[in-house]
Every structure is written in structure tokens, then in C-alpha cells.
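Everything on this sheet refers to the single structure shown next.
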Amino acid sequence: MKRNDGTPQWPIPDLAVTVHQLAPAQFTWKLVERQHGHPAKCIAEAAEQFTDYEQALDCGFVALERRRQ
């Protein structure tokens with residue numbers, strides 16, 4: 001959603017979790033950091049693969065919370 005001036009209504013987070021599907025039952029997560037004016041970069045990633053999207057997402061959010069502390 002955008003405001004009348006064309007800018008996003010909600011700010012894009014500086015840290016985000018992305019989940020990638022490698023195969024039908026193989027998922028992994030990455031923690032990416034956005035820096036103003038630069039492409040997002042991976043700052044952490046799963047050491048293992050998961051059989052379920054939700055498992056990967058949950059573990060990614062745990063990493064996100066640890067990073068914020």
C-alpha cells in the first residue's frame with residue numbers, strides 16, 4: 001500500500017527472515033539486513049534444512065529475535 005506521494009505506507013524492516021524452498025520437502029531460512037542505499041545482504045542462515053515451511057520460518061524468527069537482543 002502506498003501513500004499519495006508514492007512512498008510505502010509501512011517502512012521496510014532493516015532485518016527480515018526469508019524462507020527458501022529447495023525441493024518439495026526441503027526448506028531453509030536466511031536472515032537478511034537492508035542498509036539504506038545498498039542491496040540486502042545475508043547475515044545468518046540455517047545450518048540445517050527443514051521438512052516444513054513453518055519450521056524453517058519459526059527457526060528464522062528465533063535467529064531474528066536473538067540478533068535484536
### Query
How about the stretch 15-69: which GluC sites (Glu not before Pro) there are in a DSSP loop, with at most 10 other Cβ atoms within 10 Å of their Cβ?
GLU48
### Query
Exactly which trypsin sites (Lys or Arg not before Pro) in the stretch 14-52 are in a DSSP loop and have at most 11 other Cβ atoms within 10 Å?
none
### Query
When the chain is fully extended, how far beyond the present Cα-Cα distance does GLN55 get from ALA16, taking 0.36 nm per residue of separation?
12.4 nm
## Note on the structure
Between ARG68 and ALA47, Cβ-based FRET efficiency (R0 22 Å, step 0.05) works out to 0.65
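Just so you know, all these numbers are worked out from the coordinates, no wet-lab data involved. In this text, all values refer to a predicted model and were calculated from it rather than measured experimentally. Cβ: placed from backbone, ideal geometry, glycine included. Neighbour counts: every protein chain shown.
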